[in-house]
1. Taking all protein chains together and a probe of 1.4 Å, list B:Arg372, B:Arg56, B:Arg133 from the most accessible to the least accessible.
2. When the accessible area of each residue in segment A:76-94 is compared between its chain alone and the complete protein assembly (1.4 Å probe; ligands, DNA and RNA ignored), which residues differ by at least 40 Å², being lower in the assembly?
3. Compute the distance from the alpha-carbon center of segment A:43-108 to that of segment B:172-197, in whole Å.
4. Compute for chains A and B the buried accessible surface, both sides summed, probe 1.4 Å, and express it in Å² to the nearest 100.
5. Heavy atoms only, probe 1.4 Å: what % of the accessible area of segment B:116-173 goes to carbon and sulfur, would you let me know?
6. How much area per residue is accessible in segment B:22-96 when the probe is 1.4 Å and only protein heavy atoms are counted (Å²)?
7. From the phi angles alone, apply the Karplus equation (6.51, -1.76, 1.60; θ = phi - 60°) to segment A:113-119 and give each ³J(HN,Hα) in whole Hz, x where the residue is Gly or Pro.
8. Using a 1.4 angstrom probe on protein heavy atoms only, which residues from segment B:32-58 are buried by at least 30 Å² of accessible area when all chains are present rather than their own chain alone?
Amino acid sequence: MLPTNDAVENAAGEVNLRPSSHQTFPNPCGANLAVAAGDTLRARSHRAMGTEFVVYLDAEDGVQARACFDAVFDEIDRLEITFSRFQRSSELSRLNRHAGEGPVVTDPEVFELVATALDLSEKTGGAFDLTVGRLTRAWGFAGGQPRIPEQSELAAAKELVGWGNVILDAEWRTVQFARPGVELDLGAIAKGYAVDRAIDMLRSLGVSALIDAGSSSVAAVGEAFSRGWKVGIANPLDRGLTICEVELGQRALSTSGVREKSFVHDGRVYSHLLDPRTSDAGEAMPGTGAGQVLQVTVLAPSSMLADALSTAMFVLGHEHGSAALAQFADCSALWIHSEADGIRCFGHGWPGDDFLS
Amino acid sequence: MDRREFIGITAAGLGAVALGLEGCNSPHSIAPSDWVNVGVIGVGGRGQHMMRMLLRVPGVRMTGLCDIYEPRFAEGRKVTGEATAVYNDYRKLLEARDIDAVLVATPLGLHAEHVIAALDSERAVYGEKSLGRTVEDCNRIRDAARRTGKIFQVGLQYHYAPWYQEALRRIGDGRIGKVTHIHACWHRNNSWRRPVPRGQEAQLERLLNWRLYREWSGGLLAELGSHQINFANAVFGAMPESAIASGGIDYWKDGREIPDNLQVIFRYPGGQTLVASYVTTNRLDGAQERIFGTGGSVVLTHTDATYFKEPSDPNSAVPPELAIQHKLITGPTYSAEQPYHGKGESAKGGEAEDADLLACREFIECVRSKRRPKADENVGWSEGVTVALGNRALEEGRRIVFSEYLGAATSASQQLSERNRQS
C-alpha cells in the first residue's frame, strides 16, 4: 500500500510525495519513513512474492525514475519466477520435484541461496529452517485457510521437516534430499534476497532509493536528500506510534510480527511464525499475555540475512536469540514483548538504548 | 474419441516427453567427454538469463564471456559463480580453445556478424531471436549454418513448450476445424526503457537502450512478436505472402526511434490471417495468441493453453459430442453475438517447465548427440524474414509482398510446410 498523504498519483500508479510539513509516512512493515518538507520522493508499488514491494526514489528525472522502477520490478519478478514454491515452472519447484530422487544440478545463484539458507538453519539450531514449507502448509499458512492441523497431518509434516534432510554438493552444485517428500521453502529469505538484488541494481545506477517489501524488509541505498534514510519502528500494539528511529546506512532492516499472518482459536492467537523444531505455531495474545514476543526487528548487512534472522529471533525469543545472534557479525535485534500494561523492549546491539528494558 | 481426449492433455503422453528431457538432473552421470563448454557473446540481461538456464543443465560449464560494456564482466561472473575468462572482442573469444558451443545474445543488428563468425569457428551456436535484422542478414545466417553443417538453434523457446507443441498437434489433427485467423498480442504498460547509470546518459544511452534505436533494433515485432510469428508460421505451415502495418511513436516521446505501438496484419497463402498487436500503454490483454478455427479456438499464454469449442452448427468441423458447450448468456437478453466470457478447458501440458530451460536442455543434447535442433536455421529464417518484412511494411507505409523480396518464397514456404508435416 502506497502512502497517500500529500501525495500526487499519476496515471502509471506512481506516487510523488510532496509533504507540506515534516511528517512520517506509515508503511505496512512496521517501519515508518520520514520525509521532510520540500522533499520530493517518487514511489511505486508492485505485487510479487505474495507481498507488496514499494520503491521510493530520490530522482528528479521522471523518465529515469520510471525506467528504474521497471528494471527493479523486472528483477523482482525474475526472482519470484525462480524461487516461488507455488509456480510449478519455477526452479525451486523443479528442485522440490526431483531432489528426492537424487542430486539435481542448479545454477550458482540458486545453489548459493539454498546453501545460505542451510547454513542459517544450522546456525540458528533450526529456528529458521529451509524445509519448513510442509509445516506451513499443514497449518494452512501457505495460501490456504489457516487452522489447527490434525495430529496425523502434523506428524506427517514433521517427518519431512528438518534441515538435516538437505544434502548439498558445492563442487557439483547439486541439491539432494535425504528422503522423498522433503520440500524447500525459501520464503523467509528470497524476499530479502530480492531486495538485495534490487538495491545492488539501484546502487550501480547511482540512484538513492529505499525499498520496502511488504510486511518485513526495508533496505536503502544512497543518501536521500543528503540526510540519509530514516525509518521508524512501529509499536505493534499501536501502529501509529513509533518506538524508535533507525538510520538505514549499510544495514537492512527486517521485522517479523504476529500480526502479519495469524488466526485466533479458543481465544489464543496462532502466528505463521512456526517453530520448525517443535512444529508449534507461535502463540501470542497481544495486549493480554505477559512475556510473549510480539515483534522482532533485525538490522543486518543484507536484507536476506535480516529476513532469515528476524524469523529465527522471533522463534528463539530474546534470551536464546541473543546467544545465536552473536555468531553473526554486524547484526542487531530488537525484541518487543507483551506485558500486562503494554510492551517491553529488549535489544542486542541495538543502536540507541534509552527505551530498552 | 471422447471429450476428454479432445480437450484434455493426455498426461501420460506429455509426461513421457517431459521425462525424456528431464531424465538426467545429475552431473555425475555425464562422461567427461560429454561436458559442453559454452562461450557467451553478449552478457546483458538476456544473456545472463540464458546462462543461468544453461547452468541448470547437467554437464555445462561457462568458459568465456564477451561484452563491450565492462560492468557485464562482473555481472556475468556472478552468474557463473567463478572467475570465467572475459573478452572485449568476440574474435578473441572464438580463438579460445576451451569453447564447444556459443550463445549469441547481442543486439539484433549484430546477430549476423556474431552468429556467422561463431559457426565459421566450427562451434555449435544458440542464437537469440529474431534470427537477423534484415532479410539479407537472415539469408546469410541460414546459409552459414548450411555451409558449415554446424548445429544452430534459434532462441524461439516456445518451440519446446509442451503446451505449444500439444496445441500444434491438436490443430494439425483438425480438432478446432480449419484455422482461419490468429490474433496475437503482446501488450505491456511500461516504457520499454532501461535505466542508464546517472551521469553517463550521453555515453551509454544507445548501448543500454539499443532496443529503442533503429541501428540495432527490430523493435517490438522482433523482440516480442517473433515468438508469435514463429507459432503462426507453424500453424499455417507457411510464411505470409504479404503484410501491412500501422504504428508509431505516439506515447513515449523520449527520443526513441522505434515505434511504441505497432499493429501488423499478415496474409498467408491459404487465405489465413495473423493480426499482431504490440502496445506499451496497457497490459489488460498481456501476451497471448488466440487461434480461431471453424470448430473451436485455442488461447495460448506463456504458461498454458485453453481450448474452446464453437457452438454446434452446420459449419462445425468437430462432432457435437466432443464439444465443450459454451455457457452463453440465456434469458431475454440472450444474444448469440455476445462475446464468450465463460471458462474453457485449461491444459498446462505435462510437467510444467520453464520454456527457456527446455530449449537449453535441447540445445545441449543436440550438441552432444550431433542431432539437428527442432528450432533450426530454417525455422529461424522463416520467423526472422517475416519479422523483417513486417517491419518493412511499417517503415515504407505500404503493403509488402513477400515474393518481391524472396525470390524463392514459394518454395521456402513449401519446405517449411513439408518440415511441419514431417515433425
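The values are calculated or read from the model by the stated rules, or taken from the named source; none is laboratory data. Please read all numbers here as calculations on a predicted model, not as lab measurements. Note: ideal-geometry Cβ built from the backbone for every residue, glycine included; neighbour counts use all protein chains shown. Note: accessible area is taken over every heavy atom of the protein model, side chains too, but ligands, DNA and RNA are not part of it. Shrake-Rupley method; radii C 1.70, N 1.55, O 1.52, S 1.80 Å.
1. Values: B:Arg372 130, B:Arg56 15, B:Arg133 90 Å².
Reading off the accessible areas and sorting them downward yields B:Arg372, B:Arg133, B:Arg56.
2. Hits at the 40 Å² cut-off: A:Arg78, A:Arg88, A:Ser89, A:Arg94.
3. Between the Cα centre of segment A:43-108 and that of segment B:172-197, the gap is 23 Å.
4. Buried area between the two chains comes out at roughly 2800 Å².
5. Values: 770 of 1900 Å².
In segment B:116-173, the share of accessible area belonging to carbon and sulfur is 41 percent.
6. Value returned for segment B:22-96: 40 Å² of accessible area per residue.
7. The phi angles translate into 5, 5, 5, 5, 5, 5, 4 Hz.
8. Going by heavy-atom accessible area, the residues of segment B:32-58 that drop by at least 30 Å² are B:Arg52, B:Leu55, B:Arg56.
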